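Since the structure comes first, as structure tokens, the remarks are kept for the end.
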Amino acid sequence: MTYEYDRENIFAKIIRGEIPNDTVLETEHCLAFRDITPQAPVHILVIPKGNYVNFDHFGAAASDAEIVDFSRTIAKITKDVAVDPASGGNGYRLIANSGRDPVQEVAHMHVHILAGRPLGRMLQKT
């Protein structure tokens, strides 16, 4: 499968420093920042710095170092903002949309960390 990456997407511009953000954590391979329209008291986006369209593209093409860094970045953030259950937090939700049906709005792989209130069921039957 071929993935078409748009180097002018908003996350690519944020990574290049063309658009400001409220950085939570930056590593060699990732950038994490607060969402500008938060859907929960804690709403942080974690994005790899590489040109990956979605989660399956990232999983298939990213280096082991990028994948490990991404996972550990999420773990560090959830601990730092005190939402991880292991540190006494009430938990969090990770969301990664991929494609049209789940409404992926930016074609750059990213995960939303949501926490700080009861979030309800993920999906409702229709």
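Per residue of the chain, what 222 nm ellipticity follows from adding -39500 (n - 2.57) for every DSSP H run with n ≥ 4, rounded to the nearest 500? Walk me through the numbers before you get to the answer.
Values: 3 runs with 30 residues, N = 126.
Helix contribution divided over all residues of the chain: -7000 deg cm²/dmol.
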Per-residue HN-Hα couplings for the stretch 103-115 [Karplus 6.51, -1.76, 1.60; θ = phi - 60°; Hz; x = Gly/Pro]: 6, 6, 7, 10, 7, 9, 3, 7, 10, 9, 9, 10, 6
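Using a cut-off of 13 Å between beta-carbons, work out the net charge of the residues near L123 (Lys and Arg +1, Asp and Glu -1, L123 not included).
Around L123, the charge tally is +2.
Let me know the shape class of the stretch 84-126, please: from the alpha-carbon gyration tensor, a ≥ b ≥ c as square roots of the eigenvalues, rounded when a/c is under 1.5, otherwise prolate if a/b is greater than b/c, or oblate. It would help to have the intermediate numbers written out before the result.
On the way: a/c = 3.63, a/b = 1.56, b/c = 2.33.
It comes out oblate by the Cα gyration axes.
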Ranking of T73, T2 by count of other Cβ atoms within 10 Å, fewest first: T2, T73
Distant-in-sequence amide H partners of C30 (H built 1.01 Å from N, under 5 Å): K49
Peptides 43-49, 65-71, 30-36, 84-90 ordered by average Cβ neighbours within 10 Å, highest first: 43-49, 30-36, 65-71, 84-90
Normalised contact order of the stretch 10-115, rounded percent, pairs of Cα under 8 Å and 6 or more residues apart: 31 percent
³J(HN,Hα) computed for each position of the stretch 20-26 - Karplus, 6.51 cos²θ - 1.76 cosθ + 1.60, integer Hz, glycine/proline x: x, 8, 9, 5, 9, 7, 10
Partners for K13 among lysines (Cα-Cα distance below 17 Å; same-chain residues under 8 apart left out): K49
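Any read-out appearing in this document is the output of simple, stated calculations on the displayed coordinates, not a laboratory observation. Just so it is clear, the structure is predicted and the values come from calculations on it, not from any experiment. Every residue, glycine as well, gets a Cβ built from its backbone with ideal geometry; the counts of neighbours run over all protein chains shown.
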